[in-house]
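In what follows, a structure is listed as structure tokens, so that the remarks can point back to it.
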Amino acid sequence: MTAQVCVLGPSGKMGRAVIEAASGRGDLEIAAAVDSPGARILGAQVHPGVVATADLAAGLDTSDVYVDFTTPSATRAVARVAALARRAAVIGTTGLGADDEAAIAALAKVAPVVVAANFSLGVNMMLGFVREAARALGPEWDAEVSEIHHRAKRDSPSGTALAIARAIAAGHGADYDKVKRHARDGDVGARPRGEIGVTAIRGGDVIGEHTAFFFGAAERLEITHRATSRSIFAVGALRAAVWVVGKPPGRYDMLDVLGFAKS
């Protein structure tokens with residue numbers, strides 16, 4: 001079966017990367033490309049035989065699954081339309097709020113949806129490593145996460161940094177929302193045991209760099225992932241798109257796509 005894919009935001013960096021990554025593949029085809037009304041790319045050919053359009057309903061109708069790396073508001077709006085069509089989805093938008101998550105949850109009740117903060121195989125391996133390190137070392141080792149992204153990135157901390165921090169909390173058996181620390185300024189007092197700090201750095205054209213730190217009494221462990229091309233995210237998203245078609249309704253992540261056991 002060849003999956004028919006609708007790409008959202010073909011004028012964006014990730015939309016373009018997804019379309020480029022699809023070239024030469026035999027397991028999927030780009031069937032449609034949908035952008036926002038008024039986008040300059042509308043009417044232009046973005047892939048052989050595919051012209052960018054603002055007609056979301058038509059784009060979903062010609063596809064088995066859509067790939068979304070847009071904005072929270074766009075992701076929310078598209079999920080509501082996709083729910084009516086029971087269309088499978090691959091969503092990589094970050095910075096999602098409660099309303100956005102609710103729209104995705106409603107879609108997942110009627111269609112299979114893969115949601116991930118990062119579609120890189122390496123990052124998803126890192127999540128597993130970090131969870132196991134936190135489980136083995138325990139909260140006696142101070143855990144911190146740092147992330148670096150380009151100056152134009154809007155959300156902070158990054159979705160991937162939050163996923164890493166949550167993996168550490170899972171390894172500790174802790175409720176992340178009760179142990180997180182996203183900023184330190186002024187006299188904040190000594191660092192409490194079990195706290196998980198997340199630091200965001202912005203500058204230049206850095207695609208993405210994430211490091212999980214574990215600080216022991218006389219040693220330090222660092223687990224780092226660096227991305228040098230957005231193609232890794234596009235390739236992972238397309239792998240998810242092929243995988244999700246035909247799956248039962250529900251919310252999935254990249255560990256499901258890659259067949260990793262969860263514990």
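The values are calculated or read from the model by the stated rules, or taken from the named source; none is laboratory data. Just so it is clear, the model here is predicted, and its values are computed rather than measured. Virtual Cβ from ideal backbone geometry, glycine too; neighbours counted across all protein chains shown.
For segment 205-219, state whether one or more residues are of a type outside the set (A, V, I, L, M, F, W, C), part of a loop (DSSP other than H, G, I, E, B) and free of Cβ contacts under 8 Å to residues at least 24 places away in the same chain. Quick ask: steps written out before the conclusion?
Step one: filter segment 205-219 for residues of a type outside the set (A, V, I, L, M, F, W, C), giving 205, 208-211, 216, 219.
Imposing the further condition that a residue be part of a loop (DSSP other than H, G, I, E, B) reduces the set to 205, 216, 219.
Cutting the leftovers down to free of Cβ contacts under 8 Å to residues at least 24 places away in the same chain gives us 219.
The answer is yes, given that some residue of segment 205-219 is of a type outside the set (A, V, I, L, M, F, W, C), part of a loop (DSSP other than H, G, I, E, B) and free of Cβ contacts under 8 Å to residues at least 24 places away in the same chain.
Does R191 qualify as being among the basic types (K, R), surrounded by 11 or more Cβ atoms within 10 Å (Cβ to Cβ), out of contact with any His (no Cβ under 9 Å at 6 or more places or on another chain) and in a loop (DSSP other than H, G, I, E, B)?
On the way: among the basic types (K, R): yes; surrounded by 11 or more Cβ atoms within 10 Å (Cβ to Cβ): yes; out of contact with any His (no Cβ under 9 Å at 6 or more places or on another chain): yes; in a loop (DSSP other than H, G, I, E, B): yes.
It is true that R191 is among the basic types (K, R), surrounded by 11 or more Cβ atoms within 10 Å (Cβ to Cβ), out of contact with any His (no Cβ under 9 Å at 6 or more places or on another chain) and in a loop (DSSP other than H, G, I, E, B).
Could we say that L107 is in the same structural domain as V81 (by TED's automatic domain parsing), buried (at least 16 other Cβ atoms within 10 Å of the Cβ), at pLDDT 90 or above and in contact with a strand residue (DSSP E or B) (Cβ under 8 Å, 6 or more places away or on another chain) here? Full working, then the answer.
Values: in the same structural domain as V81 (by TED's automatic domain parsing): yes; buried (at least 16 other Cβ atoms within 10 Å of the Cβ): yes; at pLDDT 90 or above: yes; in contact with a strand residue (DSSP E or B) (Cβ under 8 Å, 6 or more places away or on another chain): yes.
Yes, satisfied.
Can you pull out the residues in segment 118-168 that are of a type in the set (D, E, K, R) and either under 21 Å from A183 (Cβ atoms) or assigned by TED's automatic domain parsing to the domain that holds T70 (or both)?
Here is the first cut: in segment 118-168, the ones of a type in the set (D, E, K, R) are 131-132, 135, 140, 142, 144, 147, 151, 153-155, 166.
Within segment 118-168, D142, E144, E147, R151, K153, R154, D155, R166 qualify.
Which of the residues spanning segment 110-129 are at pLDDT below 95 and not in a loop (DSSP other than H, G, I, E, B)? If you could, list the steps in order and put the result at the bottom.
First pass over segment 110-129, keeping only residues at pLDDT below 95: 116-129.
Within segment 110-129, L121, G122, V123, N124, M125, M126, L127, G128, F129 qualify.
Across segment 240-263, which residue is surrounded by the fewest Cβ atoms within 10 Å (Cβ to Cβ) among those that are at pLDDT below 95 and part of a helix (DSSP H, G or I)?
L255
Please verify whether A31 is assigned by TED's automatic domain parsing to the domain that holds K247, surrounded by 22 or more Cβ atoms within 10 Å (Cβ to Cβ) and in contact with a Gly (Cβ under 9 Å, 6 or more places away or on another chain), treating the condition exactly as stated.
Working: assigned by TED's automatic domain parsing to the domain that holds K247: yes; surrounded by 22 or more Cβ atoms within 10 Å (Cβ to Cβ): yes; in contact with a Gly (Cβ under 9 Å, 6 or more places away or on another chain): yes.
Yes: the conditions hold for A31.
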